[in-house]
Amino acid sequence: MERLRIRFYGDVQGVGFRYRAYHSANSLGLTGWVKNCPDGTVLCEVQGERTDIDKMVEMIDSGRYVNITNMEIKKLELSESDRDFVIGD
């Protein structure tokens, strides 16, 4: 079990990225959140098995119009309070 903070770069805003992340995470049983940032990136905290997190990223990147060019990944402590995956402000 891991919790990662991932900042996505590329064509990630205005292309349905957050909704794809939401549906992918929920289908894989992951928890956390995803939100757009003012600098044009998308920030996500996601918790679950690493193989499922990797699958979620693949599912997002396979989306039409989405083009992830880079990711910054940071490991975080697990959150015991997470119950679902949500789209943030």
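The values are calculated or read from the model by the stated rules, or taken from the named source; none is laboratory data. These numbers were taken from a predicted model, which means no experiment stands behind them. A quick note on method: Cβ atoms are made from the backbone with ideal geometry, for glycine too, and the neighbour counts reach across all protein chains shown. The protein model used for the area step is the full one, side chains on, heavy atoms only, and it has no ligands, DNA or RNA in it. Shrake-Rupley method; radii C 1.70, N 1.55, O 1.52, S 1.80 Å.
The residue that is modelled with the lowest pLDDT, among those in segment 1-16 that are closer than 14 Å to Met71 by Cα and exposed (fewer than 15 other Cβ atoms within 10 Å of the Cβ), is Asp11.
Of the residues making up segment 23-71, just one is within 16 Å of Arg5 (Cα to Cα), in contact (Cβ under 8 Å) with a residue 40 or more places away in the chain, assigned to a loop (DSSP other than H, G, I, E, B) and not charged (D, E, K, R), namely Leu30.
If I filter segment 1-22 down to residues being assigned to a loop (DSSP other than H, G, I, E, B) and of a type in the set (A, V, I, L, M), which single residue comes out as nearest to Asp82 (Cα to Cα)? Looking at residues that are assigned to a loop (DSSP other than H, G, I, E, B) and of a type in the set (A, V, I, L, M), I get Met1. Among residues of segment 1-20 that are closer than 14 Å to Gly40 by Cα and without any contact (Cβ under 8 Å) to a residue 12 or more places away in the chain, none has a beta-carbon under 7 Å from a residue that is outside any helix (DSSP H, G or I) and open to solvent by 60 Å² or more (accessible area, probe 1.4 Å) at least six positions away or on a different chain. Scan segment 17-58 for residues that are crowded, with 16+ Cβ neighbours inside 10 Å and either at positive phi or among the polar types (S, T, N, Q) (or both) and report the count. Summing the residues that are crowded, with 16+ Cβ neighbours inside 10 Å and either at positive phi or among the polar types (S, T, N, Q) (or both) in segment 17-58 gives 7.
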